[in-house]
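Chemist: Handing you a structure now.
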Ligand code: SF4
């Protein structure tokens, strides 16, 4: 059975940068805390925990004093920086430059368009979205899908941004629905802020998925980009399965199968995909 590991799958530069910073500090003996899991991949988080990384939440941050805390690629709202300052905490800011730019643009837009509704197309409660909403002190409307358009007031101007890992097709659909429903003459500013590290992988993954009988998509189940990219594989090849690690593989998936493609999310380490590919090649 042929097993191909997708060359283009694996960490995006934002995640690589955050993990490199963490490993560098852990390697030099710093007691390092990460505010939230550094990447939405439990297996990679466990690898870093074994090197000494401690994962804390916002409640635990409030209790912490004079420690070193890493802000992951998703970014944080301004309150986190204020809390850290108050507690004498040294922050290692690994916010992805793409997210930093988006945060700053949201903040500027808000000041420039005071009467408009600031809308963020994203997953409610997701760390990146919390960081974006925090730029405008919570005065933003989060839409998870076009099904939530009823949350908008179409008699007022709208400024739209997107979480970096949302689907480009869904974003375009949302824009066209807003245009249809918005009262004539009102301002509608749409900022496509979807990261191309995710959206550019979709066409490639569709082609990759079509080439193989079975696709094994390796990803943390809570990874936002993982959901988007897995869906792209499944659309192209219904025999696509998501696994977090090699233990999730099932022998029945590989019956009458001549070729398997192994790929993953921007939050999936290559070493983990390689491990899964090796198990598939050796065991079924
Ligand atoms: S997906 Fe894009 S925005 Fe998000 S961390 Fe990676 S490079 Fe940065």
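Chemist: For the range 73-92, give me each residue that is surrounded by fewer than 15 Cβ atoms within 10 Å (Cβ to Cβ) and touching a strand residue (DSSP E or B) at 6+ places or on another chain (Cβ under 9 Å).
Modeler: 85, 90 - these are the residues of the range 73-92 that are surrounded by fewer than 15 Cβ atoms within 10 Å (Cβ to Cβ) and touching a strand residue (DSSP E or B) at 6+ places or on another chain (Cβ under 9 Å).
Chemist: Which residues, taken from the range 178-216, are closer than 24 Å to residue 99 by Cα, more than 16 Å from the ligand (Cβ to nearest atom) and modelled with pLDDT of 95 or more?
Modeler: 188, 189, 190
Chemist: May I ask you to list the residues in the range 270-279 that are in contact with a helix residue (DSSP H, G or I) (Cβ under 9 Å, 6 or more places away or on another chain) and under 12 Å from residue 217 (Cα atoms)?
Modeler: Those that are in contact with a helix residue (DSSP H, G or I) (Cβ under 9 Å, 6 or more places away or on another chain) and under 12 Å from residue 217 (Cα atoms): 272, 276.
Chemist: Report the residue count in the range 155-167 for those that are within 25 Å of residue 130 (Cβ to Cβ) and more than 14 Å from the chain's Cα centre (by Cα).
Modeler: Residues of the range 155-167 that are within 25 Å of residue 130 (Cβ to Cβ), as a first pass: 156-167.
Pick out the ones that are also more than 14 Å from the chain's Cα centre (by Cα) and you get 156-161.
Here the count works out to 6.
Chemist: Check off (1) touching a residue at least 60 places away in the same chain (Cβ under 8 Å); (2) closer than 25 Å to residue 168 by Cβ for residue 92 and give me the number that stays unchecked.
Modeler: (2)
Chemist: Which one of these does residue 158 not meet: (1) within 16 Å of the ligand (Cβ to nearest atom); (2) buried (at least 21 other Cβ atoms within 10 Å of the Cβ)?
Modeler: Answer for residue 158: the failing condition is (1).
Chemist: Further question on the same structure: Could you figure out which of (1) farther than 20 Å from residue 220 by Cα; (2) in contact (Cβ under 8 Å) with a residue 24 or more places away in the chain; (3) assigned by TED's automatic domain parsing to the domain that holds residue 179 isn't true of residue 108?
Modeler: For residue 108, the exception is condition (2).
Chemist: Tell me which residues, restricted to the range 255-279, are exposed (fewer than 15 other Cβ atoms within 10 Å of the Cβ) and under 29 Å from residue 17 (Cβ atoms).
Modeler: Matches in the range 255-279: 271, 274, 278.
The values are calculated or read from the model by the stated rules, or taken from the named source; none is laboratory data. Computed from a predicted model, the values in this text were never measured in an experiment. All Cβ positions, glycine included, derive from the backbone under ideal geometry; neighbour counts span all protein chains shown.
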